Amino acid sequence: MDLEVRHLRVLCAIADTGSLHKAARELGLAQPSLSTQLRRIERALGAQLFVRARTGCRPTPLGLAVLSRARPLVAEFAAIVTETRAAAARAAGGFQPRLGATASRAIPGWLRLLRARRPGIEPALQMSVSANALLGMVAAGRLDMAFVHEVEGSPLRVPPGLCLRVLVEREPQFVTLAADHPAASRPQVRLADLAGDRWMVDSTVDGEWDALCRVLRAAGLDSEMLHGDYLTAYSLAATGEVVTVSQPTAPPRPDLAIRPLEGDPIGVRLLLAARTERELDAVYPELEEAYWTVAWEAPAYREWLGRAHAAADGSATPGVPDCPPTHHPPTHHPSTYRPPTHRPAPDTPPARRPRPLAADAQAGV
């Protein structure tokens with residue numbers, strides 16, 4: 001068997017995630033298929049590249065040597081593909097960005113604004129519950145950019161060379177519960193008010209399950225936690241079976257109450273990732289406007305934003321418009337940076353990094 005770039009991607013994904021299961025999910029493969037590929041690669045090279053254990057996979061000394069040569073090749077091949085496609089699109093008089101995203105109500109407005117304001121653009125969209133998988137696809141040249149959330153306390157694995165632009169440094173996550181739940185009568189809900197409730201979260205969302213566990217543990221609660229997608233969680237929350245975490249932009253429903261948690265213990269950072277700043281500039285203004293439009297349309301979030309603005313003594317809250325955007329929202333000079341490793345940029349002040357959080361991954365909620 002001759003080694004190909006796809007085989008090198010497999011090795012990098014296994015090393016980056018430390019797990020065959022996680023690497024398979026990131027690559028969009030079944031775990032048995034990935035295990036078979038790894039065995040074939042090792043047979044082709046004549047040596048074991050990873051040590052398998054209950055705690056995961058770790059590279060052997062020879063595996064580390066192979067990875068040191070594989071990573072630059074994978075990155076260079078991705079650059080060739082991305083830059084060639086972008087040049088071809090510009091030469092043809094149009095740009096068809098391949099967008100990836102975790103769930104957000106800003107996405108429909110983002111696509112609509114891109115089509116309306118930039119003739120020749122026809123975006124393609126790929127959704128995923130895994131922000132890390134989407135970032136990997138951008139780095140591999142399979143996506144042009146990705147709009148993702150980073151769960152507090154669970155930093156994303158950012159491939160070297162990507163540019164990140166922060167849309168919202170910390171978006172608070174709210175709780176969704178039945179409209180007749182006793183705690184729904186309060187403008188803000190204390191975690192202690194939910195001590196007797198079961199929580200449902202989607203454990204396939206990067207960092208979500210662990211984040212909620214940390215928050216409940218810090219509050220001294222030992223609540224029962226169930227796994228389920230967020231469409232199911234909303235349906236069960238409406239009947240009082242569970243409570244769940246939701247994005248603050250979630251639309252109101254008569255059978256549900258969406259409330260901030262007291263102290264905002266759960267939060268996410270919203271990021272747009274691409275290979276170049278030029279690509280970020282091409283789509284970021286429309287994303288910013290689309291996000292703040294849905295933010296101000298959501299009653300609970302609108303009230304929260306108003307309180308945050310008032311708490312700042314009327315001075316502008318960084319990155320938050322004072323009112324719903326009309327046609328062209330104010331520019332907030334978002335920060336753009338290239339992280340040198342798989343960790344958050346080292347110049348990010350620790351106090352501004354997310355804390356424990358959970359992000360709502362249901363499409364359209």
Problem set entry | Among (1) of a type in the set (A, V, I, L, M); (2) surrounded by 14 or more Cβ atoms within 10 Å (Cβ to Cβ); (3) without any contact (Cβ under 8 Å) to a residue 24 or more places away in the chain - the single one Val51 does not satisfy | (2)
Seminar exercise, completed: Residue hits (region 206-237; β-branched (Val, Ile, Thr) and over 15 Å from Ile266 (Cα atoms)) are Thr232
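Yes/no per residue for (1) at pLDDT below 95; (2) within 26 Å of Arg302 (Cβ to Cβ); (3) buried (at least 21 other Cβ atoms within 10 Å of the Cβ):
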site	(1), (2), (3)
Glu241	no, no, no
Val268	no, yes, yes
Arg278	yes, no, no
Ala282	yes, no, no
Exercise. Pick from Val166, Val158: which is open to solvent by less than 10 Å² (accessible area, probe 1.4 Å), farther than 19 Å from Ile258 by Cβ, touching a residue at least 24 places away in the same chain (Cβ under 8 Å) and of a type in the set (A, V, I, L, M)?
Worked result: Val158
Exercise. If you go through region 201-232 one residue at a time, how many are among the hydrophobic types (A, V, I, L, M, F, W, C), farther than 18 Å from Ser130 by Cα and touching a Phe, Trp or Tyr at 6+ places or on another chain (Cβ under 9 Å)?
Worked result: 3
Problem set entry | Test: Gly220 is in contact (Cβ under 8 Å) with a residue 40 or more places away in the chain, assigned to a loop (DSSP other than H, G, I, E, B) and either out of contact with any strand residue (DSSP E or B) (no Cβ under 7 Å at 6 or more places or on another chain) or surrounded by fewer than 22 Cβ atoms within 10 Å (Cβ to Cβ) (or both) | no
For this session: Filter region 21-33 for residues that are of a type outside the set (Ser, Thr, Tyr) and either free of Cβ contacts under 8 Å to residues at least 24 places away in the same chain or surrounded by 20 or more Cβ atoms within 10 Å (Cβ to Cβ) (or both) and give the result.
Result: His21, Lys22, Ala23, Ala24, Arg25, Glu26, Leu27, Leu29, Ala30, Gln31, Pro32
Exercise. In the list Asp210, Asp180, which residue meets the criterion of being assigned to a loop (DSSP other than H, G, I, E, B) and surrounded by fewer than 18 Cβ atoms within 10 Å (Cβ to Cβ)?
Worked result: Asp180
For this session: Looking only at region 127-141, decide whether some residue is of a type outside the set (A, V, I, L, M) and either assigned to a strand (DSSP E or B) or surrounded by fewer than 19 Cβ atoms within 10 Å (Cβ to Cβ) (or both).
Result: no
For this session: Would you point out which residue out of Glu171, Glu152 is of a type outside the set (A, V, I, L, M, F, W, C) and out of contact with any His (no Cβ under 9 Å at 6 or more places or on another chain)?
Result: Glu152
For this session: List every residue pair whose Cβ atoms lie under 6 Å apart, where the two residues are 6 or more positions apart in sequence or sit on different chains, the first residue falls within region 223-243 and is over 14 Å from Pro254 (Cα atoms), and the second residue, located anywhere, is in a loop (DSSP other than H, G, I, E, B) and of a type in the set (Ser, Thr, Tyr).
Result: His227/Ser203
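The values are calculated or read from the model by the stated rules, or taken from the named source; none is laboratory data. Every value quoted in this text rests on a predicted model; they were computed, and no experiment measured them. Backbone-built Cβ (ideal geometry, glycine too); neighbour counts: all protein chains shown. Note: accessible area is taken over every heavy atom of the protein model, side chains too, but ligands, DNA and RNA are not part of it. Shrake-Rupley method; radii C 1.70, N 1.55, O 1.52, S 1.80 Å.
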